[in-house]
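**Q** The structure that follows is given in the form of structure tokens.
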Amino acid sequence: MNSLAPLPQIIMEPIVRGALLEDLGRAGDITSNAIIPADCKATLALNARQAGVVAGLDLVMFAFLLVDPGISMQLRCPEGGKVSAGETIANVRGPARSLLTAERTALNFLCRLSGIATATAALVDAVRGTKARIICTRKTTPGLRVLEKYAVRAGGGANHRFGLDDAVLIKDNHIALAGDIRTAIERARGAVGHMVKIEVEVDTLEQLDLALQAGVDAVLLDNMSVEDLAQGVAMVGGRAITEASGRVTPATAPAIAATGVDLISVGWLTHSAPILDIGLDMSADRNLSRHLN
């Protein structure tokens with residue numbers, strides 16, 4: 001478990017509302033409304049089909065409450081907590097129609113964010129014992145960045161910049177259009193405020209030397225071999241934050257972290273992490289335990 005600040009409701013509510021509106025369309029849940037009596041109550045369980053780290057429970061609760069304020073949820077696992085396959089994460093109770101109407105939206109958020117948190121936790125475990133921190137990138141689902149970056153934190157990772165407006169990251173195309181690294185750095189420094197950090201992406205030790213000569217806050221050592229990463233960290237000598245990226249997996253992360261880099265950025269955490277399979281099942285006493293698609 002880590003210390004995890006919840007997302008503000010003002011951020012979550014419009015995202016969840018939009019997802020529900022997308023699913024409900026113009027006429028609502030015509031299947032549940034036709035089949036289930038209006039006065040039918042039910043208790044359902046959110047069950048993990050796989051072991052992993054749970055993230056997104058507040059979004060789940062929002063999805064149910066926006067459909068029906070009469071729904072209640074009892075947590076069996078905390079946000080950011082680890083679950084085993086077959087373990088119940090939470091129980092939800094209320095009008096059966098409403099539970100089924102909100103089910104898919106709730107699970108879409110929970111499975112997606114828990115998958116990101118689980119993948120992040122695996123990388124965090126892989127570099128444990130080193131100073132390296134696992135961070136995400138801007139390679140996120142449009143409109144869901146704040147949620148996906150939150151899920152990285154839930155898995156024990158940290159966030160890179162949230163957008164183009166909160167830090168300068170000078171990449172290869174910026175350098176090519178500016179003419180050289182020094183010019184790009186000097187232009188950036190002259191245009192932004194004193195509180196804004198400047199990072200430069202380099203893919204050779206020669207470029208790293210030029211960036212250090214010009215003076216930067218951080219260097220992104222992109223797709224370098226482990227040997228070059230170690231040499232690059234030694235060249236920096238603590239003068240800037242070092243970040244490594246490229247071909248990072250739980251298998252390769254320990255060697256990358258052992259070079260002494262401060263940060264390891266991983267784009268696939270938010271663009272390709274598999275979901276954590278979680279289902280919403282009817283209570284066993286109703287003899288209706290099944291996954292509802």
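The values are calculated or read from the model by the stated rules, or taken from the named source; none is laboratory data. Computed from a predicted model, the values in this text were never measured in an experiment. With ideal geometry, Cβ positions are generated from the backbone for all residues, glycine too; neighbour counts draw on all protein chains shown. Each accessible area value is taken on the protein alone, full model and side chains, heavy atoms only, with ligands, DNA and RNA left out. Shrake-Rupley method; radii C 1.70, N 1.55, O 1.52, S 1.80 Å.
**Q** Among Thr118, Ala96, Leu144, which residue has its Cα positioned farthest towards the positive end of the charge dipole of the range 92-151, with +1 placed on the Cβ of Lys and Arg, -1 on the Cβ of Asp and Glu, and the dipole taken about the Cα centre?
**A** Leu144
**Q** For the chain, what proportion of DSSP beta bridges, expressed in % and rounded to the nearest 5, is antiparallel?
**A** Of all bridge pairs located within the chain, approximately 50 percent are antiparallel.
**Q** Something else now. Just flag the trypsin sites (Lys or Arg not before Pro) in the range 66-149 sitting in loop per DSSP whose Cβ has no more than 12 other Cβ atoms within 10 Å.
**A** When the trypsin sites (Lys or Arg not before Pro) of the range 66-149 are filtered for loop state and at most 12 Cβ neighbours within 10 Å, Arg128, Lys131 remain.
**Q** Turning to a different aspect of this structure: Starting at the first residue of the range 157-168, write each ³J(HN,Hα) from the Karplus equation 6.51 cos²θ - 1.76 cosθ + 1.60 with θ = phi - 60°, in whole Hz, x for Gly and Pro.
**A** Each residue's phi maps through the Karplus curve to give x, 10, 9, 7, 4, 7, x, 6, 9, 10, 6, 9 Hz.
**Q** While we're here: Going by amide H atoms built from the backbone, whose H comes under 5 Å of the H on Ala244, apart from near neighbours?
**A** Here Leu221, Leu263, Ile264, Ser265 satisfy the definition.
**Q** Moving on to the next point. Nearest-5 percent of antiparallel DSSP beta bridges in the range 45-159?
**A** Details: 9 of 10 bridges.
Antiparallel bridges make up about 90 percent of those DSSP assigns within the range 45-159.
**Q** If you wrap the chain's Cα atoms in a convex hull and average its projection over all directions, what's the area in nm²?
**A** If I average the Cα hull's projected area over directions, I get 17.4 nm².
**Q** Assigning unit charges at the beta carbon (Lys, Arg +1; Asp, Glu -1) and nothing else, what dipole magnitude in debye, to the nearest 20, does the range 160-290 show about its Cα centre?
**A** That gives a dipole near 280 debye.
**Q** Among Ile134, Gly232, Ala257, pick out the residue whose Cα is farthest towards the positive end of the charge dipole of the chain, where Lys and Arg carry +1 and Asp and Glu carry -1 on C-beta, about the Cα centre.
**A** It is Ile134, whose Cα lies furthest towards the positive end.
**Q** List the residues whose amide H sits under 5 Å from the amide H of Val200, counting only those 5 or more places along or on another chain, with H placed 1.01 Å from N in the peptide plane.
**A** Ile170, Ala218, Val219, Leu220
**Q** Now a separate question. Using a simple charge model, +1 on the beta-carbon of Lys and Arg, -1 on the beta-carbon of Asp and Glu, nothing else, what dipole does the chain show about its Cα centre, in debye to the nearest 20?
**A** The dipole of the chain has a size of about 660 debye.
**Q** Can you tell me the equivalent ellipsoid semi-axes for the range 115-162? Use √(5λ) from the Cα gyration tensor, largest first, whole Å.
**A** Taking √(5λ) for each Cα gyration eigenvalue gives 20, 11, 7 Å.
**Q** Additional query: For the range 2-71, go through all pairs of different Cα atoms, get the mean of 1/r, take its inverse, and jot down that Kirkwood value in Å.
**A** Final number for the Kirkwood radius of the range 2-71 is 14.6 Å.
**Q** Using 0.36 nm per residue of separation minus the Cα-Cα distance, give me the extension gain between Ser272 and Thr130 in nm, one decimal. Present the calculation step by step, with values, prior to reporting the outcome.
**A** Numbers: separation 142, 0.36 × 142 = 51.12 nm, distance 2.54 nm.
Stretched fully, the Ser272-Thr130 segment lengthens by 48.6 nm.
**Q** Answer with one residue from Gly179, Leu280, Ala55: the one whose Cα lies farthest towards the positive end of the charge dipole of the chain, charges on Cβ with Lys, Arg +1 and Asp, Glu -1.
**A** Among Gly179, Leu280, Ala55, the one farthest towards the positive end of the dipole of the chain is Leu280.
**Q** Would you please calculate the Kirkwood hydrodynamic radius of the range 63-148 over all C-alpha pairs and express it in Å, rounded to one decimal?
**A** When all Cα pairs of the range 63-148 are included, the Kirkwood radius is 15.2 Å.
**Q** Oh, and also: Treating only the Cβ atoms of Lys and Arg (+1) and Asp and Glu (-1) as charged, compute the dipole magnitude of the range 1-55 about its Cα centre; round to the nearest 20 debye.
**A** 120 debye
**Q** Can you show me the helix-derived [θ] at 222 nm for the chain, built from DSSP H runs with n ≥ 4 at -39,500 (n - 2.57) apiece and divided by the number of residues, rounded to the nearest 500. Write down the numbers at each step before the final one.
**A** On the way: 11 runs with 122 residues, N = 293.
After summing the helix terms and dividing by residue count, I get -12500 deg cm²/dmol.
**Q** How much solvent-accessible surface does His271 expose, in Å² to the nearest 10, with a 1.4 Å probe and all protein chains in place?
**A** 100 Å²
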